[in-house]
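Throughout, read-outs are computed from the coordinates displayed, never taken from laboratory work. On a predicted model such as this, the values are computed, not experimentally measured, just so you know. Quick reminder, even Gly has a Cβ in these numbers, built from the backbone with ideal geometry, and neighbours come from all protein chains shown.
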Amino acid sequence: MSRTRVLFLSSEMAPFAKVGGLADVIGTLPGALRGIGIDARVILPLYAPIKRRFIDRMTLLDERTVRLGWRSQYSGLYVMNHDGVPIYFVDNEYYFGHDRVYVEYGFDIERYAFYQRAVLDALGDPMNFLPDVLHCNDWQAAMVPFLLESQFRPKGYHLDLRTVFTIHNLMYQGLHAKDLGTDLFDIPARYLTDEGVLSGPATNPLKAAVRYSDAITTVSPSYAAEIMTPEFGEGMDDLLRSRASVVSGVLNGIDTVSYDPSTDPYLAVKYGVSDVLPGKTANRKALRKEMGLKEDASTVAGMVTRLYSQKGVDLVLEVLDLLVAEGVQLAVLGSGDPGYEAALRQAVERHPGRVAFVNAFDEGLAHRIYAGADLFLMPSRFEPCGLSQMISMRYGTLPVVRETGGLRDTVTSYNEFTGEGTGFYFRNPFACELLDVVHLAVQLRKKNPEAFSRLVLQAMSQDFSFRRSAERYAELYETLLGPRRTPKRPDR
Ligand code: GLC
């Protein structure tokens, strides 16, 4: 049998364009899929920073005009090889000649409408590649299954092409005014209802994807179940339930090469399972020095996060003074909501030497917090998968998480009777529950350091590689590819 061909569509991919966890997944998964025999490739917008840095390594494959509503736009197509994965880029200076990935919400819908059209026009001859599966991610690529359904298949095109849509966060649906959406995507009138692609007065790309994709996945089994409930469904739970037979959860992995405490160039001292105790001690000491925390016997709790309400930052703020009274030191790295940023700065003033906050995105410091902290706080209200808790476990830092979504699927809660566990859970999004469980962890570390160390070793020995996820996706692609209706042409 010939290799299954999969083309990933995404607005982000590390290291080319990164805003959140989506970039890390797209940066790692296609390579892992190739490792198990799938011909996985990626197509991205050619944002200005990528063009400046990599254009010399790219080959121009095609130039054409793409129609977008009443507009006609130039579309260039480049390809380059990155760590063995072919990456295609859609070029258009007006849409993508910006330094930021996302420019302005009202303009972004047009930018990604163009991207999706350009991808569909590039399949086959222009790319020298005809995929079996288009694997679309998040709202920026959510209209592709609908465009195929409403415009390509009725004319007999792409009948064999299957679509997978992955929801990385259901909160972001890409809603825009109906007139704009209708114009950009040429939406036929019969789809302009709530049973089609509208949510009230707006076009809803995520809804279109849930309705028209052949398979829908999200990034953990627990989140897949949660989004079918009103509490986590973001207004989409009914529709998701009606498509339950094609909805599944595939857990993400992490990049185990970049996140490896035994080779990590950002760390003061490298360490592995065999020398974790001295390794953690040295890194804790260095971290305290770097962030201005007092050197003593207290427990260091780290956070590396976007400062959004999704992440439960307010729960930490609510009990921060009590955590400090408990003897905990807090090391926070992140940016986001200005209200949370200000509250954290005030906390530093109230508790000099006990609370540290760096308001930035700093890759090196992030690694040093993963290595130097004893606990990692991740009290998310909801969490589709979450990557930081997996990274912290790999660095022997025990995550304290709310029992939800991917947190629940990756962290095992400490069991005082059996000694099992790789971290600590609390159940409801209440600050007092967070406080209780941090108290439990701190006491365990103080009074029963052997039990605490066992948890550290258990956390470090988990397998968070992307190979597992790749195998699951490969199975899914297999189930979608039935008997072919048109003969397959060889690729060049
Ligand atoms: C989003 C989700 C996060 C997930 C990531 C990658 O950022 O909020 O939970 O880990 O996507 O799938």
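A crude spin-label estimate for the pair Ala14 and Leu317, with each label 7 Å from Cα along the Cβ direction, gives 2.7 nm. Think of the chain as a dipole: +1 on every Lys or Arg Cβ, -1 on every Asp or Glu Cβ, centred on the Cα centre; then among Leu240, Gly279, Leu435, Gly279 lies furthest on the positive end.
Placing a label point 7 Å from the Cα of Asn428 along the Cα-to-Cβ direction, the residues of region 221-260 with a backbone N closer than 17 Å are 231-232.
Multiplying the sequence separation of Ala342 and Ser465 by 0.36 nm and subtracting their Cα-Cα distance, what value in nm do you get? List each step's numbers first, then the result.
Details: separation 123, 0.36 × 123 = 44.28 nm, distance 3.67 nm.
Between Ala342 and Ser465, full extension yields 40.6 nm more.
Taking label positions 7 Å along the Cα-Cβ direction at both Arg153 and Ser199, the computed distance is 2.3 nm, reported to one decimal.
Averaging the sequence gap over all C-alpha pairs within less than 8 Å and six or more residues apart, then dividing by the number of residues, gives region 273-463 a relative contact order of 22 percent.
Given axes a ≥ b ≥ c from the Cα gyration tensor, I'd like to know whether region 202-245 is rounded (a/c under 1.5), prolate (a/b larger than b/c) or oblate. In terms of gyration-tensor shape, oblate.
Here the peptides 181-188, 271-278 are ranked by packing, the mean other Cβ count within 10 Å, and the order with the highest first is 181-188, 271-278.
Work out the length of the dipole vector of region 273-463 about its Cα centre, built from +1 on the beta-carbon of each Lys and Arg and -1 on the beta-carbon of each Asp and Glu, and round it to the nearest 20 debye. Write out the running numbers ahead of the final one.
Working: 21 positive and 23 negative charges, 73 e Å.
Computed charge dipole of region 273-463: roughly 340 debye.
The slack in the chain from Glu326 to Ala189, taken as 0.36 nm per residue of separation less the alpha-carbon distance, amounts to 43.2 nm. Please give me the summed charge of the neighbours of Val300: other residues whose Cβ is under 13 Å from its Cβ, Lys and Arg +1, Asp and Glu -1. Combined, the nearby Lys, Arg, Asp and Glu give +4.
For a Förster distance of 30 Å, can you work out the FRET efficiency between the beta-carbons of Asp238 and Arg472, rounded to the nearest 0.05?
Values: r = 26 Å, r/R0 = 0.88.
Calculated value: 0.70.
Given a cut-off of 20 Å, name the pairs among Lys285/Lys311; Lys280/Lys446; Lys270/Lys446; Lys155/Lys207; Lys280/Lys447 whose C-alpha atoms lie farther apart than that in the structure shown. Going by Cα-Cα distance, Lys285/Lys311; Lys270/Lys446; Lys155/Lys207 fall outside the 20 Å limit. The local environment of Lys289, defined by Cβ-Cβ distances under 12 Å, has a net charge of +3 under the rule Lys, Arg +1 and Asp, Glu -1. Remark: spin-label model distance Arg52-Tyr308 equals 2.6 nm, labels positioned 7 Å along the Cα→Cβ axis. Using only alpha carbons, the chain has a radius of gyration to Kirkwood radius ratio (Rg to Rh) of 0.99.
What net charge do the residues around Val355 carry, taking every other residue with its C-beta under 11 Å from that of Val355, with Lys and Arg at +1 and Asp and Glu at -1?
Numbers: positive: Lys294, Arg345, Arg350, Arg354; negative: Asp321, Glu349.
Here the count lands on +2.
Which residues does the label zone of Arg100 cover in region 12-34, counting backbone N under 20 Å from a point 7 Å along Cα→Cβ? Under 20 Å, as judged by backbone N against the label point of Arg100, lie 12-14, 16-24 of region 12-34.
Dividing the mean sequence gap of close Cα pairs (under 8 Å, 6+ apart) by how many residues region 403-476 holds gives a relative contact order of 24 percent. Once the C-beta distance of Lys285 and Arg71 is scaled by a Förster radius of 60 Å, the resulting FRET efficiency is 0.55 to the nearest 0.05. Dividing the mean sequence gap of close Cα pairs (under 8 Å, 6+ apart) by how many residues the chain holds gives a relative contact order of 13 percent.
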